[in-house]
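One structure below.
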Amino acid sequence: MKDENLFSETSMSFGEHLEELRKCLFYSIYWIAIGSIGGFIVGSHVVDYIQVPVKKSLERYYSEQTAKRIDTERKKLEEEGYGEEIATVSARFGLVPEEVYIFPGEFQRILERQKQQERKNQTDDDIAAQLFGVDNLSRQKNHRKKQTEAIFGSYDSVHLDEKPIRWLIFRKIADDPKTRTKALGVHEVFAIWIKASLLVGLVLASPMVFYHIWSFIAAGLYPHEKKYVYYFIPVSIGLFIGGALFAFFGVFQYVLDFLFMFNSWMNIDPDPRISEWIGFALMMPLGFGISFQLPLVMFALERVGIFTLKQYLEKWKISVLIIFILSLFLTPGDPTSMMMMGIPLTILFFGGIFFCWLIPRKKGLLDFDEEDKIED
């Protein structure tokens with residue numbers, strides 16, 4: 001017969017469990033507060049860095065839109081005097097066009113005023129002539145004059161009744177306002193800074209938070225099981241940080257490109273709002289970090305007897321289906337992000353099975369085999 005007095009060194013009353021929980025929560029909040037101090041210091045830099053993926057996706061989106069626009073209007077652009085190389089140059093140097101309309105008459109008046117100003121500054125032309133040669137300078141001036149006259153007519157004629165002419169001005173896509181996130185409310189940027197700082201504080205405090213959480217779990221385990229908890233604390237921290245980094249560096253770009261693909265398909269230009277993007281950018285890494293705890297959660301549930309290794313192996317198909325369903329709700333819902341969360345979690349699920357197999361659970365003192373049952 002099994003001696004239940006052996007439980008004496010591991011038994012804890014309900015009140016003692018509550019006291020351990022209170023300590024765990026207190027110390028976790030304490031370390032999060034300490035980490036948030038560092039978060040407030042670097043919060044503005046974090047906000048800038050978090051915007052990098054959306055800025056890159058916006059630049060890629062508008063580069064593709066520029067190429068499509070030039071290809072669609074190729075014939076019209078050639079009639080306006082633009083060469084075939086405009087598409088190649090635009091893509092190579094990362095330029096996007098902006099339309100402006102110029103009245104030829106007003107443009108000529110500006111040229112006339114500049115011409116009068118040049119006459120007053122003959123000394124500058126004399127210096128240029130000495131440097132570059134009189135003939136070369138004269139040829140450059142005549143060439144510019146012929147180009148302008150070919151488009152706007154003679155300097156001596158002003159046609160104020162003409163229609164404005166479309167003119168394409170190119171700017172670097174990195175400097176285009178369309179590739180920047182927008183803030184609509186006065187308090188919005190401040191709230192974003194607070195959220196980003198708290199997230200940084202949580203990440204910085206995560207080693208100590210996980211330490212206290214697992215210490216609380218260890219308090220209710222058998223002595224021979226407590227040692228596993230301290231082995232898995234660094235694994236838990238690594239999985240959390242690894243999941244968050246995987247979401248930021250491995251998932252964001254693909255998800256954004258996939259979502260912007262629908263903007264291109266429906267001819268609706270994106271205008272992302274900073275609060276919406278930051279909320280998405282902060283919650284997704286947090287969701288990935290927590291979900292990556294799956295193998296350790298499986299191991300803990302197997303240790304306490306809620307599930308067994310045999311059940312994990314028998315129900316693996318249903319488990320994988322549940323993983324992908326949960327991934328659908330923990331991500332924006334697009335196929336790309338769902339797959340990029342579901343596939344790693346499936347691998348981690350089998351990793352949890354491997355942990356349970358590698359470190360088999362010892363039978364507790366109240367676990368009876370069939371032959372141990374006492375017949376009435």
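The values are calculated or read from the model by the stated rules, or taken from the named source; none is laboratory data. As the structure is a computational prediction, the values presented were derived from the model and not from experiment. Positions of Cβ are backbone-derived with ideal geometry, glycine not excepted, and every protein chain shown enters the neighbour counts. Just so you know, the surface numbers come from the protein's heavy atoms only, side chains and all, with ligands and any DNA or RNA stripped out. Shrake-Rupley method; radii C 1.70, N 1.55, O 1.52, S 1.80 Å.
At-a-glance table
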{"read-out": "Candidates 45, 17 - the one that is assigned to a helix (DSSP H, G or I), open to solvent by 90 Å² or more (accessible area, probe 1.4 Å) and under 30 Å from residue 209 (Cα atoms)", "value": "45"}
{"read-out": "The stretch 73-101: number of residues that are assigned to a helix (DSSP H, G or I) and surrounded by 11 or more Cβ atoms within 10 Å (Cβ to Cβ)", "value": "9"}
{"read-out": "Single condition residue 303 does not satisfy, out of (1) touching a residue at least 24 places away in the same chain (Cβ under 8 Å); (2) farther than 30 Å from residue 48 by Cα; (3) open to solvent by less than 10 Å² (accessible area, probe 1.4 Å)", "value": "(3)"}
{"read-out": "Subset of the stretch 281-332 [assigned to a helix (DSSP H, G or I), closer than 18 Å to residue 232 by Cβ and among the aromatic types (Phe, Trp, Tyr)]", "value": "299, 312"}
{"read-out": "Selection count where residues are within 27 Å of residue 356 (Cα to Cα) and out of contact with any helix residue (DSSP H, G or I) (no Cβ under 6 Å at 6 or more places or on another chain), scope the stretch 269-290", "value": "2"}
{"read-out": "Residue pairs meeting the criteria (Cβ under 9 Å; at least 6 apart or on separate chains; first touching a residue at least 40 places away in the same chain (Cβ under 8 Å) and assigned to a strand (DSSP E or B), in the stretch 166-182; second open to solvent by 60 Å² or more (accessible area, probe 1.4 Å) and hydrophobic (A, V, I, L, M, F, W, C))", "value": "170/89; 170/93; 172/93"}
{"read-out": "Any pair with Cβ under 8 angstrom, 6 or more apart, that starts in the stretch 6-31 at a residue that is basic (Lys, Arg) and ends at one that is surrounded by 13 or more Cβ atoms within 10 Å (Cβ to Cβ) and modelled with pLDDT of 80 or more", "value": "23/212"}
{"read-out": "Which listed residue is farther than 19 Å from residue 52 by Cα and crowded, with 19+ Cβ neighbours inside 10 Å, from 229, 255", "value": "229"}
{"read-out": "Qualifying position, being over 20 Å from residue 164 (Cα atoms) and out of contact with any Ser or Thr (no Cβ under 8 Å at 6 or more places or on another chain), among 91, 87", "value": "87"}
{"read-out": "Answer from 244, 205 - the residue that is on the phi < 0 side of the Ramachandran plot, in contact with a Leu (Cβ under 8 Å, 6 or more places away or on another chain), surrounded by 17 or more Cβ atoms within 10 Å (Cβ to Cβ) and modelled with pLDDT of 85 or more", "value": "244"}
{"read-out": "Residue check for residue 57: among the small types (Gly, Ala, Ser), closer than 30 Å to residue 164 by Cα, modelled with pLDDT of 85 or more and surrounded by 14 or more Cβ atoms within 10 Å (Cβ to Cβ)", "value": "no"}
{"read-out": "Count of residues meeting criterion [among the aliphatic types (A, V, I, L, M), crowded, with 19+ Cβ neighbours inside 10 Å and under 17 Å from the mean Cα position of the chain (by Cα)] in the stretch 331-353", "value": "3"}
